[in-house]
Amino acid sequence: MEGGSSGTYRGFRDLRVYQLSYELALEVFEITKSFPKEEKYSLVDQVRRSSRSVSANIAEAWYKRRYPKSFVSKLSDSSSEAGETEVWVDFAADHRYLAQEKKVHLLEKYGEVNKMLTGMMNKPEKFCH
C-alpha cells in the first residue's frame, strides 16, 4: 500500500510515508549543522523548514480524512514541500556544502516520498472515512 504496508492505520505515525519523511527531516537537520555560518538564516533555515513541513502536512492531512478533497490538498502541500526540499538540496550540493553521494541519496528518498504521496492522492478512499 502506498502510505504503508498493513492497510490498517491507527494514526499518521503508522504511515510509511510519514516515517520516511520524518527520518529525512532529521537527516537534513544533521547534515545542515556543517553548513557555513553565513547560510544559517538562508539555506539552512529554508531546507530545514521545508523538510519538516513534509511530515507536518502529512499529519495535517490525516486529521482531514473526513473530507477527501481537503485530505488530498494537504497531501499535495506535502508533496510541494518535498519538491522544495529537493531544490535546496540541489543548491547545497552545487555550493559544495553537500557531497554528491548525499545529494543522490536525499533526492532518491524524496522521490520515494513523492511516489507514496501521489499514490495516496490517487486513491484517497483507502485512507478517508
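Tabulated data
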quantity	calculated
Condition met for Arg48 (at pLDDT 95 or above and of a type in the set (Lys, Arg))	yes
Pairs with Cβ under 8 Å, 6+ apart, first in region 112-124 and in contact (Cβ under 8 Å) with a residue 60 or more places away in the chain and surrounded by fewer than 17 Cβ atoms within 10 Å (Cβ to Cβ), second part of a helix (DSSP H, G or I) and of a type in the set (A, V, I, L, M, F, W, C)	Glu112/Leu20
Matching residues in region 58-68 - criterion: being part of a helix (DSSP H, G or I) and either under 10 Å from Pro124 (Cβ atoms) or touching a Phe, Trp or Tyr at 6+ places or on another chain (Cβ under 6 Å) (or both)	Ile58, Ala59, Ala61, Trp62, Pro68
Meets criteria (of a type in the set (D, E, K, R), in contact with a helix residue (DSSP H, G or I) (Cβ under 6 Å, 6 or more places away or on another chain), in a helix (DSSP H, G or I) and free of Cβ contacts under 8 Å to residues at least 40 places away in the same chain) for Glu86	yes
Restricting region 8-29 to residues that are in a loop (DSSP other than H, G, I, E, B) and in contact (Cβ under 8 Å) with a residue 24 or more places away in the chain, the residue that is surrounded by the fewest Cβ atoms within 10 Å (Cβ to Cβ)	Gly11
Pairs with Cβ under 7 Å, 6+ apart, first in region 36-56 and in contact (Cβ under 8 Å) with a residue 40 or more places away in the chain and farther than 27 Å from Leu15 by Cβ, second in a helix (DSSP H, G or I) and not aromatic (Phe, Trp, Tyr)	Leu43/Ala92
Residues (aliphatic (A, V, I, L, M) and either more than 17 Å from the chain's Cα centre (by Cα) or within 30 Å of Lys126 (Cα to Cα) (or both)) located in region 69-100	Val72, Leu75, Ala82, Ala92, Ala93, Leu98, Ala99
Matching residues in region 48-97 - criterion: being among the aliphatic types (A, V, I, L, M), within 18 Å of Glu27 (Cβ to Cβ) and surrounded by 22 or more Cβ atoms within 10 Å (Cβ to Cβ)	Val54, Ile58, Ala82, Val89, Ala92
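The values are calculated or read from the model by the stated rules, or taken from the named source; none is laboratory data. All values derive from a computational prediction rather than experimental measurement. Glycine gets a Cβ as well: all are built from the backbone with ideal geometry, and neighbour counts include every protein chain shown.
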